[in-house]
Amino acid sequence: MKNFLSFFCLLFVACLSSQTHRFIYELQLKMDSTESDYQKFNMNLDINSKYVKFYGRNLLIADSLNKKLGNMDNKHVDMNGQVIKRKVNTADNENFINIKFEYYSFKTNDKVNWNITNETKQVQNYTLQKATTKFGGRNWIAWFNKDIPFNEGPFKFSGLPGLVFEISDTGKNFNYHLVKSQELPTIYPTEDFLESNFGNKAIPINEKQKQKLLLEFYNDPFSFERTNFSKTNNNNLNINIGGKEIHSIDELNTQVKNMQEIIRKYNNPVEIDKAIHYKN
């Protein structure tokens, strides 16, 4: 946080000439809403003169290693469902998602309607103001700073008259906290890990197609392995799934049921109103 505070001493001068403002948030989320444990992730919010991008920092780490080593051997699949890109000062988001072996993008308009209150609190040297909204089927409380000239925040939470420092849903499933910032002298390239996923270029689809693909994956998450069994017509074919050797269709069906249970258990997206209702 010290680096973050000292950075903003020069922000108003730097923002006129710098190319990428990077804000790093710690995200605490519940993969399963019925549990009390949180998983923690670092997320990047990159703002340049044209675009706003939000993505998991592990994607950046894998890309940096590839650039350093001159290969594409390091890969990462973001499972948060929070990889997005939008034009500055708009609510038109391009969303990116991995479904099995493919990488897809789909567009949404996500205007957030805020209720700005008079309540404030002090965080170190910053006065934060409270705002509330209902978005994605959840109620949210945000704390923003009017002195920082970006009407942006993590994920799709833009539109406030200042940068969002903190935001949580009232059910405490998702908690974002600003922890650090960086000033980059150029527009940081993301085409290898955001617009495409380490060699897999994003395939444009719509929301209906996305739902269909996710349901197809749920109904048979190991369809590729099942096809191998069918092609060989050999019930003794050995297939490895998650380190476990599968020797028969019956064993494969057991793995399918296990995977379906996991998918149902961790079906807790940010936009809960768009969650798929999987059948047992």
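The values are calculated or read from the model by the stated rules, or taken from the named source; none is laboratory data. Predicted model only: the values in this text are computed from it and were never measured. Cβ coordinates were reconstructed from backbone atoms using ideal geometry, including for glycine residues, and neighbour counts include every protein chain displayed. Quick note on the areas: whole protein, heavy atoms, side chains included, nothing else; ligands and nucleic acids left out. Shrake-Rupley method; radii C 1.70, N 1.55, O 1.52, S 1.80 Å.
Which is β-branched (Val, Ile, Thr) and within 27 Å of Gln211 (Cα to Cα), of Ile116, Ile99? Explain how you work it out, then say what you get.
Values: Ile116 fails: within 27 Å of Gln211 (Cα to Cα).
Step by step, each of Ile116, Ile99 is checked, and only Ile99 is β-branched (Val, Ile, Thr) and within 27 Å of Gln211 (Cα to Cα).
Residues in the stretch 254-280 that are assigned to a loop (DSSP other than H, G, I, E, B), open to solvent by less than 80 Å² (accessible area, probe 1.4 Å) and closer than 19 Å to Gly171 by Cα: how many? Give the steps one after another, and end with the answer.
Pass one, the stretch 254-280, residues assigned to a loop (DSSP other than H, G, I, E, B): 266-271, 275-280.
Next cut, open to solvent by less than 80 Å² (accessible area, probe 1.4 Å) only: 267-271, 275-276, 278.
Okay, now just the ones that are also closer than 19 Å to Gly171 by Cα, so 267-271, 275.
The number of residues fulfilling the criteria is 6.
Which count do you get for residues in the stretch 157-198 that are in contact with a strand residue (DSSP E or B) (Cβ under 6 Å, 6 or more places away or on another chain), closer than 20 Å to Lys134 by Cβ, touching a residue at least 40 places away in the same chain (Cβ under 8 Å) and assigned to a loop (DSSP other than H, G, I, E, B)?
Total meeting the criteria: 2.
Of everything in the stretch 199-226, what is farther than 21 Å from Met259 by Cβ, surrounded by fewer than 17 Cβ atoms within 10 Å (Cβ to Cβ) and not polar (S, T, N, Q)? Give them in sequence order. Reasoning before the result, please.
Filtering the stretch 199-226 down to residues farther than 21 Å from Met259 by Cβ leaves 199-209.
Remaining after also requiring surrounded by fewer than 17 Cβ atoms within 10 Å (Cβ to Cβ): 199-201, 203-204, 206-209.
Correct list: Gly199, Lys201, Ile203, Pro204, Glu207, Lys208.
Restricting the search to the stretch 114-131, which residues are free of Cβ contacts under 8 Å to residues at least 40 places away in the same chain and open to solvent by 40 Å² or more (accessible area, probe 1.4 Å)?
Asn115, Asn118, Glu119, Thr120, Lys121, Gln122, Thr127, Lys130
I need every pair where a residue in the stretch 247-271 that is within 17 Å of Tyr38 (Cα to Cα) and free of Cβ contacts under 8 Å to residues at least 12 places away in the same chain has its Cβ under 8 Å from the Cβ of a residue that is open to solvent by less than 80 Å² (accessible area, probe 1.4 Å) and of a type outside the set (Val, Ile, Thr), sequence separation at least 6 or different chains.
Close Cβ pairs (under 8 Å, with a partner that is open to solvent by less than 80 Å² (accessible area, probe 1.4 Å) and of a type outside the set (Val, Ile, Thr)) amount to Asn267/Ala275; Asn267/Tyr278.
In the stretch 70-95, what count of residues is obtained for those that are modelled with pLDDT of 85 or more and more than 14 Å from the chain's Cα centre (by Cα)?
Total satisfying the criteria: 6.
Please go through the stretch 17-53 and give me each residue that is touching a His at 6+ places or on another chain (Cβ under 9 Å) and either surrounded by fewer than 17 Cβ atoms within 10 Å (Cβ to Cβ) or not in a loop (DSSP other than H, G, I, E, B) (or both), ordered by number.
Our first condition is that a residue be touching a His at 6+ places or on another chain (Cβ under 9 Å); within the stretch 17-53, this holds for 25-28, 45-48.
Answer for the stretch 17-53, where residues must be touching a His at 6+ places or on another chain (Cβ under 9 Å) and either surrounded by fewer than 17 Cβ atoms within 10 Å (Cβ to Cβ) or not in a loop (DSSP other than H, G, I, E, B) (or both): Tyr25, Glu26, Leu27, Gln28, Leu45, Asp46, Ile47.
Is at least one residue of the stretch 235-253 assigned to a helix (DSSP H, G or I), modelled with pLDDT under 95 and of a type in the set (A, V, I, L, M)? Lay out the reasoning, then the answer.
The first filter runs over the stretch 235-253 and keeps only residues assigned to a helix (DSSP H, G or I), leaving 249-253.
Now narrow it down to the ones that are modelled with pLDDT under 95: 249-253.
Within this subset, residues satisfying the condition of being of a type in the set (A, V, I, L, M) are 249, 252.
Looking through the stretch 235-253, at least one residue is assigned to a helix (DSSP H, G or I), modelled with pLDDT under 95 and of a type in the set (A, V, I, L, M).
Kindly indicate whether any position in the stretch 140-149 is of a type in the set (Asp, Glu) and under 15 Å from the mean Cα position of the chain (by Cα). Steps first, please.
We begin by selecting, within the stretch 140-149, every residue of a type in the set (Asp, Glu); these are 147.
Then keep just the ones that are under 15 Å from the mean Cα position of the chain (by Cα); that gives none.
No, because not a single residue in the stretch 140-149 is of a type in the set (Asp, Glu) and under 15 Å from the mean Cα position of the chain (by Cα).
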